[in-house]
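Structure, as structure tokens:
The values are calculated or read from the model by the stated rules, or taken from the named source; none is laboratory data. Model, not experiment: these values are computed from the prediction. Using ideal geometry, Cβ is built from the backbone for each residue, glycine included, and neighbour counts are taken over all protein chains shown. The protein model used for the area step is the full one, side chains on, heavy atoms only, and it has no ligands, DNA or RNA in it. Shrake-Rupley method; radii C 1.70, N 1.55, O 1.52, S 1.80 Å.
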Amino acid sequence: MNWTDIGAVTDVPLRGARLVKTQAGCIAVFRTAEDEVFAASNACPHKQGPLSEGIVHGQKVTCPLHNWIFDLNTGEAQGADEGRIAVYPVRIEAGRILLEISALQNRSAA
């Protein structure tokens, strides 16, 4: 695996997100209230809502445009909504967020 440092865990607020621009497009990095970190596509499949501006609750994010909810582990839409967002491997080392970039190479640019 090919990991790249994208910043400190503390750069992402608890229950919030930050946007990371990559050559393959924009990735949203989320931090939960329990200090877990997830990375996923920034665009909601419904109407391309910016998920990095959504509400983080538990291990889920709610799209700010139409309230679609996505599981940050699987990317699957919850409830009656259908669809999924891409999720990407992340890990924490010494307080730094590492994103597995080879997963991005399989993604087309946004």
Checklist entry - Once both labels are modelled 7 Å past Cα along the beta-carbon direction, what's the Gln78-Glu36 spacing in nm? => result 1.1 nm
Checklist entry - How do Lys47, Lys60, Lys21 stack up against each other in accessible area, from largest to smallest, with a 1.4 angstrom probe? => result Lys21, Lys47, Lys60
Checklist entry - How large is ³J(HN,Hα), in whole Hz, for each residue of region 38-54 in order, when computed from phi with the Karplus curve 6.51 cos²θ - 1.76 cosθ + 1.60 and θ = phi - 60°, using x for Gly and Pro? => result 9, 10, 8, 4, 7, 9, 5, x, 6, 9, 6, x, x, 4, 5, 9, x
Next on the checklist: Using helices alone, I'd like the mean residue ellipticity at 222 nm for the chain: each DSSP H run of four-plus residues gives -39500 (n - 2.57), total over residue count, nearest 500.
Outcome noted: -500 deg cm²/dmol
Checklist entry - For the charge dipole of the chain, defined by +1 on Lys and Arg C-beta atoms and -1 on Asp and Glu C-beta atoms about the Cα centroid, which residue among Leu72, Pro13, Leu51 has the Cα displaced farthest towards the positive pole? => result Leu51
Checklist entry - Using +1 on the beta carbon of Lys and Arg, -1 on that of Asp and Glu, and nothing else charged, what's the dipole of the chain about the Cα centre, debye to 20? => result 260 debye
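So for His66, His46, what's the accessible-area order with a 1.4 Å probe, most first?
His66, His46
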Item to check | Label assignment, Kirkwood radius over Cα pairs in Å derived from the structure, set (1) 13.7; (2) 15.5; (3) 14.5 | outcome: (1)
Checklist outcome for this item: Most fluctuating of Gly58, Gly79, Gly49 in the GNM of the chain (C-alpha, under 10 Å) is Gly79
Checklist entry - Counting only protein heavy atoms, what percent of the accessible surface of the chain is carbon or sulfur at a 1.4 Å probe? => result 47 percent
Item to check | Surface per residue (accessible, 1.4 Å probe) for the chain, Å² | outcome: 54 Å²
Next on the checklist: Just to be sure I understand the model, the point goes 7 Å from the Cα along the line to the Cβ. What's the resulting Glu93 to Cys26 distance in nm?
Outcome noted: 2.9 nm
Checklist entry - Unpartnered cysteines of the chain (Cβ-Cβ under 4.7 Å counts as a partner)? => result Cys26
Checklist entry - Mind checking which of Thr22, Thr62, Thr32 has the largest fluctuation in a GNM of the chain, springs on alpha carbons under 10 Å? => result Thr22
